[in-house]
Amino acid sequence: DKCAVAIAHVDKWVNIQVIKDYEQVAPVVVVDAVAWWEPKIEGPVDLSEVKQWIQNLRRVGFDIGLVSFDRWQSFDIQNELKAVGMKTETVSVAKKHYEDMAMLIYEERLAMPMIDLLFEELTELKIMKNNRVDHPRKKSKDLADAVCGAVYNAISHSTRDINLEIDVH
């Protein structure tokens, strides 16, 4: 499998008219970047490269509030990032996370880079009989999972400043 990293933030909050006389405040999310590493013939992805890339982001000025990982081989890298002062969590994206991201897409509240592989993964996702989101055989969903997790984290860890002006969407 590939190893993918996505960075996202809540750009602003908007009012959405849900029904005639009811509005709801909702986030507009921007996916700032998506990067991925592919395994080499010699073996799997070197997670120290991924860790270095994340640390370099912080070094060049990105304010990284949280780095989340799925469960796959993430224990060591999480501990190494915690050791240099970064907050980490384990987040395994599920159907509910993809449904939330789909709502942002339908309501035109999600902006992300145009990456052919990401688009291919997102459009080929399937909901299986066990309600799990999966990819077709011989395909992947590594970038899609990274983006979905980043979008989820951006929303769930962003506080809405009640003093900010809310746009109408």
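Annotations
- Note on D134 and I105: the extension gain reaches 8.5 nm, defined as 0.36 nm multiplied by sequence separation minus the Cα-Cα distance.
- Accessible area (Å², 1.4 Å probe, nearest 10) - W37: 40
- For I64, the solvent-accessible surface computed with a 1.4 Å probe is close to 50 Å², ligands and nucleic acids excluded.
- Of the residues A111, A83, A144, the one that moves most in a GNM of the chain with alpha-carbon contacts below 10 Å is A83.
- Annotation: lysines with alpha-carbon distance below 23 angstrom to K40 (same-chain offsets under eight excluded): K2, K51, K138, K139, K141.
- Qualifying trypsin sites (Lys or Arg not before Pro) in region 31-94, where qualification requires a DSSP coil assignment and no more than 14 other C-beta atoms within 10 Å, comprise R71, K87.
- Square roots of 5 times each gyration tensor eigenvalue, C-alpha, region 49-169, largest first, Å: 25, 22, 14
- Rg/Rg_globular for region 82-141, with Rg_globular taken as 2.2 N^0.38 Å and Rg from C-alpha atoms: 1.38
- Taking amide H as placed 1.01 Å from N in the peptide plane, the amide H of E23 sits under 5 Å from that of V18, each at least 5 places away or on another chain.
- Two-site label geometry, Q55 and K95: point separation in nm, points 7 Å out along Cα→Cβ: 4.1
- Rolling a 1.4 Å probe across the protein heavy atoms gives the chain an accessible surface of 65 Å² per residue.
- Most to least accessible of Y22, Y98, Y152, Y106 (protein chains only, probe 1.4 Å): Y106, Y22, Y152, Y98
The values are calculated or read from the model by the stated rules, or taken from the named source; none is laboratory data. In this text the structure is predicted, and so the values were computed from the model without any measurement. Neighbour counts are summed over all protein chains in view; Cβ atoms, including those assigned to glycine, are modelled from backbone coordinates with ideal geometry. All accessible areas refer to the heavy atoms of the entire protein, side chains included, with ligands and DNA or RNA removed. Shrake-Rupley method; radii C 1.70, N 1.55, O 1.52, S 1.80 Å.
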